[in-house]
Structure formats: C-alpha cells, structure tokens
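Student: Mind looking over this structure? Questions follow.
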Amino acid sequence: MAWTREQMAARAAQELRDGFYVNLGIGIPTLVANYIPDGMSVTLQSENGMLGMGPFPYEGEEDADLINAGKQTITELPESSYFSSADSFAMIRGGHIALSILGGMQVSEKGDLANWMVPGKVVKGMGGAMDLVAGVKRVVVVMDHVEKSGAPKLLTACSLPLTGARVVDLLITDLGVFDIARGKTPLTLTALADGVTLEEITAKTEARFEVALT
Amino acid sequence: MADKTQKSAVDALAGRLFDGMTIMAGGFGLCGIPENLIAAIRESGTKDLTVVSNNCGVDGFGLGVLLESGQIRKMISSYVGENKLFEQLYLSGDLELEFNPQGTLAERIRAGGAGIPAFFTKTGVGTLVAEGKEVREFDGEMYVMERGLVADLSIVKAWKGDAAGNLVYRKTARNFNPMMATAGKTTVVEVEQLVAVGSLDKDNIHTPGIYVDAIVAGAKFEKRIERVTTRPRQAKASV
C-alpha cells in the first residue's frame, strides 16, 4: 500500500495556510488546488502572468488569451490580476510567494532538487522551475518515492543536473513525508503512508534519515 | 504626432530584416504570439536568425513555421517541449539552443530595454546555468551574474493599439510582450484592434508609444489554443 496521486496532493494541501499566495507546478501539484480546505483563502499564481487562477472554463467558453503555465485554458476570479512575465518573476524571485509545490525527479538529503533534465534524453527546458526554487519562501516537492525501475530517488546526492541546491523544505512521496529544511537539519521522516512500514521506506531510500513520526 | 501605422505586416517589416539578425518574439506557448509578423518573416526568407522567445511554437504554428523553413539558427528559450521538429533539428546539430530560466530570460530582456548591462540573481546558482558566469556573495547569499539582452528587432502582439504606438494587452497574452517592446533596436507591433488616438485610457496603457516603431492591424488571428481544458457543466437538477 502507498498513497495515490490524490492522497499525495491532499497531504501537500496540509501545507497551505490562510492568505497564502501559492504557485503549483504541473502534474500532481496541480491537483492540490482540489484540496484547498473550505473557508481557507489561497491565491494561486500562474507564472505566465496571473494572480487568482480560477477553474477550467465550461466547454465553449475557452479564451485563447487566458491560459495557465501548463498552457491549459483557465478562468479568472473577481480578485484576479494580470501582469507581465517580468512582474511575475519579480514576485517569485523577490520572495513574495509563500509556497511552491513542485514535482521532482531526484531530491538529496541536503535539499538539492533535480527536475528538469536527464542527460542523453531530449531536453525540454527548465521553464520557471529554477526561479521558483530560488525565490519562493517554502518549497515542497511531491514525487514517487522510487523510479519505475525501483531505483531510489531520495539520494545522498543527486546524479541528475540540479534545478537548485539546498532549496527543498519538505518532500512528500507515495510512501511518506520527509522534513528536509534545505539541509539545515538532518533529513527526518515525519510520516509514513498508510500501510507502509519503516523497513520498506528504508529499503527504498538511499539517503540517510532520522525518524520522528508525528 | 508621428503616425506609426503600416498597411500590412510585410510593410511594417520592410527594411528592418537582414540575415543573421537577432529577433525577440513575444508570447507564452501560443498565447500572445505575433502570428502575422511571424508569417511575414517566413515570407521574407530572412535566415540565420537568432530568436529570443520563451518557447518555439508547435509543429506548423507560431515560431514552428520558421523552424520548418530553416530560417532559425539559434533559439534562446526557457522551454521547448512541444515541438517534434525542434527536437530533430537540435539532435541533428542544425539548431543551436540556449536555455535560460524563465525569470532570468524575462529579467534579461527587461534589463536590456532599461539600459542595464547585467544583474545578479539567485536563480541558477549551483546549477549548469551558472557555469562560466561570475558568482558573487551579497549579504551572505550567492548570486550569479546574468547579462541584459537586446535584439535587432522585437515583434510584439498586443490587443489594442493606436497610431502613436500606445499598447494594451489582454489577460495572459501580455507575458513577454511588454519587455520585448522595450528591448528591440526596432520594435514592430501587431494588434487585434487599431483604435483612434485618444480612445485608449491614458492611465491604463501598458506599453507607451516611445518603444514602438511600427504598428499594424493583424490581417487575421487564428489564436490557436494549445491545450483546451474544460470542466463539465453542472447537470440541471431534475425535478
């Protein structure tokens, strides 16, 4: 047993706080928007130039001028605002965004993140990921605990090119939750997914970690 | 007031194109791209282009048409994942590529347009992006130096504009367009609506006319959507 994509997104949503401005990456992080607790005010930033992202439009009401960073059609909210890419990344790089939830390929025990490039494979580009990890106050990574091959992804050091060094605060995988604190404190396992044992997660993790289940 | 209006995209670019030039092209994905000016550049046959744009269109649309025609020598972008031809040209060595983090790209263009030759940012420190660049400590944190970026020509898409070159963008189609308008040695704009001088709200002009050299009402706008994503309508409650 392990957490599903939805359960991982729901766990990530526990990191949200009332009044937060948040940037969600593509994939599982996008699902976090479905788990914002009722009554909590969270404003979603889209790095292509929008604050206050609304839901997908109804069929027939798509607007080619209104997309998110994943190039999907979206809608606006009464409080939404639009701005240029330079203003958008000034928000991100200037530390004005409280939380970013991103996908990952590898994470190290020091809080390094690799999520943009596999040498020898087709390179698509880093988009805004390097800016987000460098500038956002708190960075949460959501990813599968191991590769499809079974190889661990939580490592002593990343083997893939980095997106950022010492940038990850919290890691949520399908097997558990790790406090990383950008490598300032020892890597600590704080939660196990339903039905996952300490033996299993230890066997599937290369990085050394302490255990403080809460 | 100088009238910057041109009759067509071809007229607007006349005398401004040359082989080996650097062109900035606005847009994020296919949103807010100067599709009429891209078509006119294709028609011109100008080649060996270095193109600065966040993405490179898709197969057969946007900047993808200049890849098909072999006019682009080098791209400076942050993400190019949506284009099979791009992949082939890059892997075969027929296309050069420089990746910039998206915020670094936006800021390089903003800086270039503002006369700032270089700046320091935390983005990319400790990654491939910082290799070969000056890294300096400020207040106990490490920053990498990035250069301002200018182009021989910027092609920009706005929603509304007037003969003085004042521009208003619409929703997320703004993206890179305002900075690029400032960073071209010459800047050519296509608009959906060319409106009478005086009709735009002067407090809400996104790009003042000083940055614009020529403006044209686009002949047609396809405004293709890359990923149509919708939600189901609530079924009417049955009685």
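Student: Could you please let me know if residue A:64 is open to solvent by 50 Å² or more (accessible area, probe 1.4 Å), without any contact (Cβ under 8 Å) to a residue 60 or more places away in the chain and not aromatic (Phe, Trp, Tyr)?
Tutor: Details: open to solvent by 50 Å² or more (accessible area, probe 1.4 Å): no; without any contact (Cβ under 8 Å) to a residue 60 or more places away in the chain: yes; not aromatic (Phe, Trp, Tyr): yes.
No: the conditions fail for residue A:64.
Student: I've got another one for you. Any idea which of (1) open to solvent by less than 50 Å² (accessible area, probe 1.4 Å); (2) modelled with pLDDT of 95 or more is the one residue A:204 doesn't satisfy?
Tutor: If we test residue A:204 against (1) open to solvent by less than 50 Å² (accessible area, probe 1.4 Å); (2) modelled with pLDDT of 95 or more, just (1) comes out false.
Student: A further question on this structure: If we keep just the residues of region B:49-65 that are within 21 Å of residue B:102 (Cβ to Cβ) and in contact with a helix residue (DSSP H, G or I) (Cβ under 6 Å, 6 or more places away or on another chain), which is surrounded by the most Cβ atoms within 10 Å (Cβ to Cβ)?
Tutor: Selected residue: B:57.
Student: Can you go through A:121, A:71, A:110 and tell me which one is within 30 Å of residue A:160 (Cα to Cα), among the charged types (D, E, K, R), surrounded by fewer than 16 Cβ atoms within 10 Å (Cβ to Cβ) and within 12 Å of chain B (Cβ to nearest Cβ)?
Tutor: Exactly one residue qualifies, and that residue is A:121.
Student: Restricting attention to region B:202-239, which residues are β-branched (Val, Ile, Thr) and part of a loop (DSSP other than H, G, I, E, B)?
Tutor: Taking region B:202-239 first, the residues β-branched (Val, Ile, Thr) are B:205, B:207, B:210, B:212, B:215-216, B:225, B:228-230, B:239.
Passing the criteria: B:205, B:212, B:225, B:228, B:229, B:230, B:239.
Student: Restricting attention to region B:120-151, which residues are open to solvent by less than 50 Å² (accessible area, probe 1.4 Å), more than 11 Å from chain A (Cβ to nearest Cβ) and within 19 Å of residue A:111 (Cβ to Cβ)?
Tutor: none
Student: How many residues does region A:175-201 contain that are assigned to a loop (DSSP other than H, G, I, E, B) and either open to solvent by 30 Å² or more (accessible area, probe 1.4 Å) or of a type in the set (Ser, Thr, Tyr) (or both)? Working first, answer last.
Tutor: Going residue by residue through region A:175-201, those that are assigned to a loop (DSSP other than H, G, I, E, B) are A:175, A:180, A:184-187, A:193-197.
Now restrict to residues that are either open to solvent by 30 Å² or more (accessible area, probe 1.4 Å) or of a type in the set (Ser, Thr, Tyr) (or both): A:184-186, A:194-195, A:197.
Count: 6.
Student: Moving to a separate point now. In this structure, is residue B:141 in contact (Cβ under 8 Å) with a residue 40 or more places away in the chain, touching a Lys or Arg at 6+ places or on another chain (Cβ under 9 Å) and more than 18 Å from residue B:4 (Cα to Cα)?
Tutor: Numbers: in contact (Cβ under 8 Å) with a residue 40 or more places away in the chain: no; touching a Lys or Arg at 6+ places or on another chain (Cβ under 9 Å): yes; more than 18 Å from residue B:4 (Cα to Cα): yes.
Against the criterion (in contact (Cβ under 8 Å) with a residue 40 or more places away in the chain, touching a Lys or Arg at 6+ places or on another chain (Cβ under 9 Å) and more than 18 Å from residue B:4 (Cα to Cα)), residue B:141 does not qualify.
Student: A further question follows. Out of region A:83-98, which residues are of a type in the set (Gly, Ala, Ser) and either touching a Cys at 6+ places or on another chain (Cβ under 6 Å) or facing another protein chain (nearest Cβ under 7 Å) (or both)?
Tutor: Looking only at region A:83-98, we keep the residues that are of a type in the set (Gly, Ala, Ser), and these are A:84-86, A:88, A:90, A:94-95, A:98.
Across region A:83-98, the qualifying residues are A:84, A:85, A:86.
Student: If you take the residues in region A:28-44 that are more than 12 Å from every other protein chain (Cβ to nearest Cβ), surrounded by 15 or more Cβ atoms within 10 Å (Cβ to Cβ) and touching a residue at least 24 places away in the same chain (Cβ under 8 Å), which one is nearest to residue B:176 (Cα to Cα)?
Tutor: A:43
Student: Just the residues that are under 26 Å from residue A:71 (Cα atoms), open to solvent by 10 Å² or more (accessible area, probe 1.4 Å) and within 14 Å of chain B (Cβ to nearest Cβ), please, taken from region A:136-159.
Tutor: First, pick out the residues of region A:136-159 that are under 26 Å from residue A:71 (Cα atoms): A:136-144.
Then keep just the ones that are open to solvent by 10 Å² or more (accessible area, probe 1.4 Å); that gives A:137-138, A:144.
Once the filter is applied, which keeps residues that are under 26 Å from residue A:71 (Cα atoms), open to solvent by 10 Å² or more (accessible area, probe 1.4 Å) and within 14 Å of chain B (Cβ to nearest Cβ), region A:136-159 yields only A:137.
Student: Hey, does region B:186-202 have a residue that's small (Gly, Ala, Ser), in contact (Cβ under 8 Å) with a residue 40 or more places away in the chain and away from chain A (no Cβ under 13 Å)? It would help to see each step written out before you state the result.
Tutor: Of the residues in region B:186-202, the ones small (Gly, Ala, Ser) are B:196, B:198-199.
Filter again for in contact (Cβ under 8 Å) with a residue 40 or more places away in the chain, leaving none.
No; the residues of region B:186-202 include none that is small (Gly, Ala, Ser), in contact (Cβ under 8 Å) with a residue 40 or more places away in the chain and away from chain A (no Cβ under 13 Å).
The values are calculated or read from the model by the stated rules, or taken from the named source; none is laboratory data. Note that the coordinates shown come from a computational prediction; the quantities given were computed from them, not determined experimentally. Virtual Cβ from ideal backbone geometry, glycine too; neighbours counted across all protein chains shown. Side chains included, ligands, DNA and RNA excluded: accessible areas come from the protein's heavy atoms. Shrake-Rupley method; radii C 1.70, N 1.55, O 1.52, S 1.80 Å.
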